[in-house]
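The values are calculated or read from the model by the stated rules, or taken from the named source; none is laboratory data. Bear in mind the structure is a predicted one, so any value in this text is a computation, not a measurement. Cβ placement follows ideal geometry from the backbone for every residue including glycine, while neighbour counts extend to all protein chains displayed.
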Amino acid sequence: MRLNTSIRLLLLLFGALQAFVSMAQVPVGAWQQHVPYRQGKAVTIAGDKIYTVVDQGLFYYDKEFNPTKALTKSDGLREQQISALGYDAQSKTLVIAYGNTYVDLLQGNSIHTISDIFRKNLPGEKKINHIYTANRTAYLSTTFGVVVLDIARKEIRDTYSNLGPNGEQLNILASTIHDGHLYLATTIGVLKGKLNGPNLQDFRNWQNVTGTLPQTIATIATFNGAVYAGTATGLYRLNGTSWQPTTIAQPIQTLQPTIDYLTISTPTSVLLLNNTGTIVELSDELLQVPKDAVADGAIVWVADAQAGLIQKTINGAATIVTPSGPYAGDAFSLKAEAGKLFAFGGNYNENYSPAGNSNGFSVYENYSWQSYNRYTDTNFPDAVQDIVDGVYDAGTGKLYLASLKNGLIVWDGENYTNYNSSNSPLQSALSNPENTPVTSIARDLDGTIWLVNPSRRAMVPSLFSLSPDGELRGYSLNSIADGTAIEQVLIDDNGYKWLTSSKPNNAGVIVYDEKQQRTKRLSTGSGAGNLPGGAVYSLAKDQNGDIWVGTNRGVAVFYNPFSVFESQSYDAHLPIIDRRPLLEGQRVLSIAIDGANRKWVGTDNGLWLFGPDGDELVHHFTTQNSPLPSNNVHSVAVEHKTGNVFVATAAGIASYRAGVTITEDTPDCAIVFPNPVRKEFTGLVAISNLPNNAEVSITDISGKLIYKTRATGGTATWNVRDYNGKRAKAGVYLVLSSDADGKQTCISKIAVLQ
């Protein structure tokens with residue numbers, strides 16, 4: 001159907017801006033995974049696409065059109081953690097094996113999941129190590145044997161298990177076919193079985209052809225009419241019945257044969273063996289930690305643990321072709337400020353023991369990730385590790401970082417300044433004087449930075465302030481028994497500092513007023529704070545200024561925090577839902593507040609959304625009903641400009657577009673996504689950048705009212721239906737919005753297509 005003139009004109013008016021927005025945004029109610037695509041693990045050629053496995057996901061590079069495209073659970077994949085990958089050219093099928101042994105068959109845009117191995121009860125570890133494909137069949141090398149998968153029928157055809165010398169379970173690391181035989185690389189050497197011979201389910205019908213090879217064979221492949229085995233001591237070629245060493249004497253990780261080359265990856269290099277026996281070693285500064293590689297004519301594709309996917313011509317330069325993503329997926333904490341999302345990659349346990357993590361931090365802005373650490377930023381201090389928190393000052397453009405090892409780091413967008421125990425009043429750790437632990441950072445209304453320095457030394461400051469002019473000052477909590485074992489800081493609207501105590505002490509929260517030198521401990525029990533649990537994991541200040549506390553046994557809220565010091569007894573309120581205290585008995589790891597004052601809560605049992613008072617459940621997301629990477633959600637942050645809710649989980653970072661925003665200052669006209677609205681779209685149209693809580697009316701081009709609503713924060717949504725529930729007809733619709741006073745009026749347009 002031809003577009004009518006008004007719709008075609010509207011599309012021209014939207015221009016490149018809407019094209020960019022549509023590529024970057026996701027609809028309201030949709031998920032997006034944020035995968036660390038630089039941590040390449042495996043690569044395979046699949047027709048005109050190059051698929052790359054990374055630590056927490058998968059992406060491909062289109063050789064014809066040159067874009068990269070990430071594939072995640074949001075796109076239909078069964079899982080995120082991939083253990084092996086293979087491609088069958090005859091059926092044009094990508095075979096994806098996951099860490100939990102589910103298998104996906106990707107054919108075009110169709111995905112078929114096979115769960116047989118996952119459902120199989122076996123003792124010990126169950127893992128798919130390698131995939132070899134031939135003639136519409138996939139041979140899955142596993143910890144318990146070989147699983148033969150019929151790709152055309154999408155079913156398991158056979159399983160060769162218990163192939164050890166006496167019929168015991170044997171770990172199969174890789175397989176290949178040569179001259180009608182299936183060769184297996186195992187932990188006891190190389191086994192050989194005739195494909196059309198006697199029953200291969202019987203271990204006695206397999207021949208051990210290890211010979212003089214080392215016992216553990218890392219991988220095996222067929223190239224140029226011969227079988228090659230990769231071991232910890234080098235590459236070997238099967239010559240008749242004996243194995244001959246090649247000149248490659250490095251530990252072999254992977255072997256990938258193509259028509260012209262056998263591509264060999266070692267922990268430090270990529271080598272090519274051609275049909276004449278010549279060996280070429282690829283050299284380029286981008287090749288830092290190769291994990292897998294495959295030759296494609298004159299181009300070699302390398303999965304690298306620091307760069308992701310590298311495209312290298314055999315005799316030329318290398319380039320990185322990796323999608324945008326955080327440097328690492330195991331973010332310890334998230335913060336969202338001024339349209340930016342910060343992911344901090346350090347870690348520590350409840351005893352403040354550092355993990356020695358050098359992942360630094362990553363910043364998500366304008367739908368793109370940038371990462372900063374010793375590997376990606378030449379100005380980044382090499383010694384800095386375990387960055388666990390931070391706060392951004394939009395006025396100065398400075399980012400203040402908390403390091404469990406190196407104290408306070410201030411980044412001005414280019415250079416880094418470090419404050420530690422050797423050059424400032426910050427205290428070194430009692431247990432390890434080489435470390436200067438800083439665990440939490442906050443900024444007050446005056447622009448002063450506050451930081452927690454839990455040294456566990458007696459009678460020393462544990463809370464510090466850094467003034468805008470650079471003065472670092474310490475505050476001692478000597479009246480508190482565990483005053484040097486605090487962990488987090490949150491500042492309320494009165495300027496009071498809310499501090500969490502060490503979790504193993506079960507000591508609740510300390511409120512500190514440095515101006516009048518007042519402290520108050522809030523713990524469990526009526527009259528003592530009424531917290532549901534003494535171990536406090538999270539603090540949040542909502543839109544009303546009330547303080548929400550997440551403990552090891554549920555949630556509490558302190559109303560009117562200005563009165564915390566006014567009486568001896570100051571107890572928390574426990575929100576009630578379904579006649580029980582909110583999240584009773586659960587560890588509440590993180591709490592974040594959105595533009596509608598709703599509470600997003602991360603727990604060991606998924607992500608929860610509650611109404612403003614905590615007495616209404618709006619959503620409960622788990623791995624079973626959403627693309628959430630893991631049910632262990634340890635950090636949540638709401639980016640108010642877009643309404644995206646970011647979560648850091650045990651298996652990676654994801655975001656959910658909740659459709660609630662906060663509009664700052666006087667907004668420009670509304671932003672509509674998706675626009676145009678195509679026939680197949682069944683979600684919610686987001687109308688954002690509105691005045692907060694604006695009145696929104698949608699009319700047709702003649703002015704007839706179709707729909708009316710009120711924005712939640714700075715965003716309204718429309719289900720593309722009128723008051724009668726009927727789908728809006730094709731045409732141009734006007735969005736009229738204004739604030740409560742009838743000011744800040746705006747008219748936008750939506751094109752609905754058929």
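Quick notes on this one:
- Among the residues of the range 372-424, just one is among the acidic types (Asp, Glu) and on the phi > 0 side of the Ramachandran plot, namely Asp386.
- Of the residues making up the range 393-443, those that are under 21 Å from Asp493 (Cα atoms) and either surrounded by fewer than 13 Cβ atoms within 10 Å (Cβ to Cβ) or without any contact (Cβ under 8 Å) to a residue 24 or more places away in the chain (or both) number 2.
- Cβ-Cβ under 8 Å pairs, at least 6 apart or on other chains, the range 606-619 side closer than 17 Å to Pro581 by Cβ and without any contact (Cβ under 8 Å) to a residue 24 or more places away in the chain, far side part of a loop (DSSP other than H, G, I, E, B) and not aliphatic (A, V, I, L, M): Gly611/Arg598
- Scanning the range 272-305 for residues that are of a type outside the set (Val, Ile, Thr) and either surrounded by 21 or more Cβ atoms within 10 Å (Cβ to Cβ) or within 28 Å of the chain's Cα centre (by Cα) (or both) yields a count of 15.
- Top-ranked residue of the range 306-361 - restricted to ones that are farther than 30 Å from Val489 by Cβ and hydrophobic (A, V, I, L, M, F, W, C), ranked as surrounded by the fewest Cβ atoms within 10 Å (Cβ to Cβ): Ala317
- Qualifying residue in the range 543-563 (condition: over 20 Å from Asp492 (Cβ atoms), among the acidic types (Asp, Glu) and either free of Cβ contacts under 8 Å to residues at least 60 places away in the same chain or surrounded by fewer than 24 Cβ atoms within 10 Å (Cβ to Cβ) (or both)): no
- Output for the range 505-561, where each listed residue is of a type in the set (D, E, K, R), within 34 Å of the chain's Cα centre (by Cα) and part of a strand (DSSP E or B): Lys541
- Strands (runs of 3 or more DSSP E) contained entirely in the range 455-500, each with at least 1 residues that are farther than 21 Å from Trp411 by Cα and over 36 Å from the mean Cα position of the chain (by Cα): 472-475
- Identity of the residue in the range 685-695, hydrophobic (A, V, I, L, M, F, W, C), assigned to a strand (DSSP E or B) and at pLDDT below 90, that ends up nearest to Thr663 (Cα to Cα): Ile687
- Filtered residues of the range 88-140 (kept if in contact (Cβ under 8 Å) with a residue 60 or more places away in the chain and hydroxyl-bearing (Ser, Thr, Tyr)): Ser91
- Of Leu106, Leu58, Leu94, Leu85, all but one fail to be within 18 Å of the chain's Cα centre (by Cα) and outside any loop (DSSP other than H, G, I, E, B); the exception is Leu58.
- Set Gly643, Gly652: member being buried (at least 23 other Cβ atoms within 10 Å of the Cβ), closer than 20 Å to Ala328 by Cα and not assigned by the TED database to the domain that holds Gly731: Gly652
- Of all residues making up the range 112-131, the number that are in contact with a Leu (Cβ under 7 Å, 6 or more places away or on another chain) and either among the basic types (Lys, Arg) or farther than 22 Å from Ser161 by Cα (or both): 1
- Subset of the range 211-224 [at pLDDT 95 or above and either in contact with a helix residue (DSSP H, G or I) (Cβ under 6 Å, 6 or more places away or on another chain) or farther than 12 Å from Ala174 by Cα (or both)]: Phe223, Asn224
- Considering the range 249-344, the qualifying strands (runs of 3 or more DSSP E), each wholly inside and each with 1 or more residues that are among the acidic types (Asp, Glu) and touching a residue at least 60 places away in the same chain (Cβ under 8 Å), run over 290-296, 299-304.
- Of the residues contained in the range 482-503, none is found to be farther than 28 Å from Leu334 by Cβ and at pLDDT 95 or above.
- Condition met for Asn597 (within 23 Å of the chain's Cα centre (by Cα) and either closer than 21 Å to Lys641 by Cα or surrounded by fewer than 18 Cβ atoms within 10 Å (Cβ to Cβ) (or both)): no
- Enumeration of residues in the range 705-727 that are assigned to a strand (DSSP E or B) and over 29 Å from the mean Cα position of the chain (by Cα): Leu705, Ile706, Tyr707, Lys708, Thr709, Arg710, Trp718, Arg721, Arg727
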